[in-house]
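The values are calculated or read from the model by the stated rules, or taken from the named source; none is laboratory data. Being a predicted model, the structure only gives us computed values, none of them experimental. Glycine gets a Cβ as well: all are built from the backbone with ideal geometry, and neighbour counts include every protein chain shown.
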Amino acid sequence: MKLVSRRKFLRTAGRYSIAGLSAAPLVSLLGGCLTVGTVGSLGDIGSKMESAMKIGKAVAKSVEDITPEQEYYIGRTVGATILATYKPYNGKRANQYANILGQTLAQASDLPETYGGYHLQVLDSDDINAFAAPGGLIFVTRGILRCCQNEDAVAAVLAHEIGHVQLKHGIKAIDKSRLTSALSTIALEGAKQFGSAELSSLTETFEKSIGDITATLINNGYSRSFEREADEAAITILKRVGYSPNGLIDMLNVMKTKLNPEGTDFAKTHPSPESRIKNIKKKIGDDAKVVSPKARQARFRRALGKI
């Protein structure tokens, strides 16, 4: 795959000047989503049924059969739930930087396009964490960005989350029994015959499916195998773009000095930095250490120096 030059990276500022460059666009994107707390309280039965059918069909299919559009609607709702837990950071420069860098990395992934596109949002939290919702919505906290001492490290964080999207780890977090339940409900009643009991069952299934994903992202974390797969995907993406995979090691080395073992953030939801570093070193071998050109480091400091 063709490498993305630093000059091209800078030129992308104009190219992505509309979608997701500040907190407002992503918050606006998610503003109309059904959240777990509001699915059952919509007043208009027609709108309620349409939404339930659209998302119910999504969770009723197997992971492999879920379409990009259905994944997008699931991801929107997961993203809205995350933003109900974490306040978005409104710093325009930091969000613009994260989006341009993230878009560049996404183009070098095995899933360069999603139905709704990739959107990135910085969260106003000291927690050291990052989340990837299905369909391409990625969230990074100020806390994890403070663990990054150069652009290669920021790129590594974003590439890891893009890896989760590419590998559909969020969708795979849905309990398979929920898929069977939704499928049974839809099979019993057609859209025109849906009664309140069937609609209630379908919306409850959807709520619990979203709960499966958000519980994994925020409370439990992905399995070690999923985290390893995302790290390996990140290494590939970073090399394709021209960043050093050692940026991931640098970030993890800083992170392990700041994590609270009893905390509720990265320490709770991810494998230890030490185990990840060990696996990454096996994968990259004697890869060159991170050397940040002055222009790149200046760009990094302008965007995140006050984060």
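I'd like to verify a number: residues in the range 138-156 that are of a type in the set (S, T, N, Q) and in a helix (DSSP H, G or I), how many?
0
Residue-by-condition table, conditions (1) small (G, A, S); (2) assigned to a loop (DSSP other than H, G, I, E, B); (3) at pLDDT 85 or above; (4) touching a Phe, Trp or Tyr at 6+ places or on another chain (Cβ under 8 Å):
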| residue | (1), (2), (3), (4) |
| --- | --- |
| G46 | yes, no, no, no |
| M49 | no, no, no, yes |
| M53 | no, no, no, yes |
| E64 | no, no, no, no |
| N90 | no, yes, yes, no |
| L111 | no, yes, yes, no |
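Need at least 2 residues that are in contact with a His (Cβ under 7 Å, 6 or more places away or on another chain), at pLDDT below 95 and buried (at least 17 other Cβ atoms within 10 Å of the Cβ) per element, so show me which helices (runs of 4 or more DSSP H) inside the range 222-307 make the cut, counting only ones lying wholly within it.
Passing ranges, in order: 224-241.
Do we have A159 as part of a helix (DSSP H, G or I), at pLDDT 95 or above, closer than 17 Å to F131 by Cβ and in contact with a Leu (Cβ under 8 Å, 6 or more places away or on another chain) here?
So A159 passes the test.
Being surrounded by fewer than 19 Cβ atoms within 10 Å (Cβ to Cβ) and closer than 21 Å to R142 by Cα is the filter; apply it to the range 97-126 and report the residue that is farthest from the chain's Cα centre (by Cα).
D126
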